[in-house]
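Please read the structure below before turning to the comments.
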Amino acid sequence: MNNTIVVISQKKAFLVMTIMKNLTDESYHVHYSDCNVSSINSFHDDSSIYIFFMEDGTAVDQEVLVYLKDISTEEGKMVILIGSQDEIQTAYKIIPQEQVSSVFLRPFDMHEFIRKIQELTDEKERENRKKCILIVDDDITYLKMVQSWLKDQYRVSIAASGLQAITWLAKNQADLILLDYEMPVTDGPSILEMLKSESDTASIPVFFLTGKRDTESVQKAISMQPDRYLLKTIGKDVLLSELEKFFIAQKTLKK
């Protein structure tokens with residue numbers, strides 16, 4: 001379990017220091033970060049939990065909220081917000097509520113806070129045992145739909161372009177990539193070629209997703225030798241079944 005936590009605030013107020021001490025007493029590795037993206041990002045590789053303590057009467061930093069939104073949505077990092085009702089609502093304008101792991105309104109009970117952190121880290125440990133699937137598609141609506149289909153059974157990350165996918169893979173590992181065959185700028189075949197050319201990503205299984213079903217398009221996609229080729233018209237149940245069969249077959253091969 002990655003039990004490293006970054007506590008973010010405008011200043012090291014008494015309550016912030018109390019939070020950090022209580023977390024440290026519970027054997028968490030705790031870092032303090034000033035409320036700016038550069039400082040927060042310096043802990044990126046080590047941390048999976050970010051606690052944003054919003055100061056009473058201080059404007060909520062919009063760039064920090066955008067950063068937290070991105071790492072929670074794209075990398076599955078855990079974001080916890082502490083603040084007033086108004087500050088939390090301001091944060092929700094940038095970070096989707098479903099991407100926030102927990103919220104604490106000031107004042108709050110410290111014992112309940114620590115209990116909740118322990119509960120969340122236990123859940124995170126269980127989540128980390130799931131297979132990780134990266135979905136790459138420039139159609140945000142489709143991307144979100146497939147993410148919602150898979151999120152209960154898999155750890156799911158998303159990328160809206162080939163560049164985002166390559167950037168994500170530079171810092172994360174995936175057990176499978178669902179890759180849109182047709183995308184602007186860098187299409188699916190080009191991304192697959194890049195992945196196969198790098199030792200760190202060459203062995204990651206790739207399923208092509210496409211809206212085309214004519215023979216010529218299918219043959220062209222198959223010639224790139226993806227692990228599977230699936231039509232985008234596939235439904236939730238069929239997709240889940242295909243993924244389950246694939247991972248079972250992989251497990252059997254390893255044995």
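Scan (1) modelled with pLDDT of 95 or more; (2) in contact with a strand residue (DSSP E or B) (Cβ under 7 Å, 6 or more places away or on another chain); (3) hydrophobic (A, V, I, L, M, F, W, C) for the single condition Met17 breaks and write down its number. Among (1) modelled with pLDDT of 95 or more; (2) in contact with a strand residue (DSSP E or B) (Cβ under 7 Å, 6 or more places away or on another chain); (3) hydrophobic (A, V, I, L, M, F, W, C), Met17 violates only (2). With the structure loaded, tell me whether Leu179 is assigned to a strand (DSSP E or B), not charged (D, E, K, R) and not assigned by TED's automatic domain parsing to the domain that holds Ala59 or whether it fails that test. Spelling it out, Leu179 is indeed assigned to a strand (DSSP E or B), not charged (D, E, K, R) and not assigned by TED's automatic domain parsing to the domain that holds Ala59. Here Met194, Met224 are screened, and the one residue that is in contact with a helix residue (DSSP H, G or I) (Cβ under 7 Å, 6 or more places away or on another chain) and at pLDDT below 90 is Met224.
Contact annotation: residue pairs with Cβ atoms under 9 Å, 6 or more positions apart or on different chains, pairing a residue in the stretch 138-151 that is farther than 12 Å from Thr73 by Cα with a partner that is of a type in the set (Ser, Thr, Tyr), are Asp138/Ser161.
I'd like to check something: does the stretch 180-198 contain any residue that is β-branched (Val, Ile, Thr) and within 23 Å of Glu127 (Cβ to Cβ)? No, the conditions are met nowhere in the stretch 180-198. Examine the stretch 68-75 for a residue that is part of a loop (DSSP other than H, G, I, E, B) and either surrounded by fewer than 20 Cβ atoms within 10 Å (Cβ to Cβ) or β-branched (Val, Ile, Thr) (or both), and state whether such a residue exists. No.
Of note, Ile158 does not satisfy the criterion of being out of contact with any Lys or Arg (no Cβ under 8 Å at 6 or more places or on another chain) and either within 24 Å of Val66 (Cβ to Cβ) or assigned to a loop (DSSP other than H, G, I, E, B) (or both).
Among the residues of the stretch 12-50, those identified as under 25 Å from Thr167 (Cα atoms) and aliphatic (A, V, I, L, M) are Val37, Ile40, Ile49.
Looking only at residues of the stretch 106-150 that are in contact with a Lys or Arg (Cβ under 8 Å, 6 or more places away or on another chain) and assigned to a strand (DSSP E or B), we find that the one that is surrounded by the fewest Cβ atoms within 10 Å (Cβ to Cβ) is Cys132. Just one of the listed residues (Ser33, Ser38, Ser27) is outside the structural domain of Ser157 (by TED's automatic domain parsing) and part of a strand (DSSP E or B), namely Ser33.
The values are calculated or read from the model by the stated rules, or taken from the named source; none is laboratory data. Note that this is a predicted model, so its numbers are computed, not measured. As a convention, Cβ positions derive from the backbone with ideal geometry for all residues, glycine included, and neighbour counts pool all protein chains shown.
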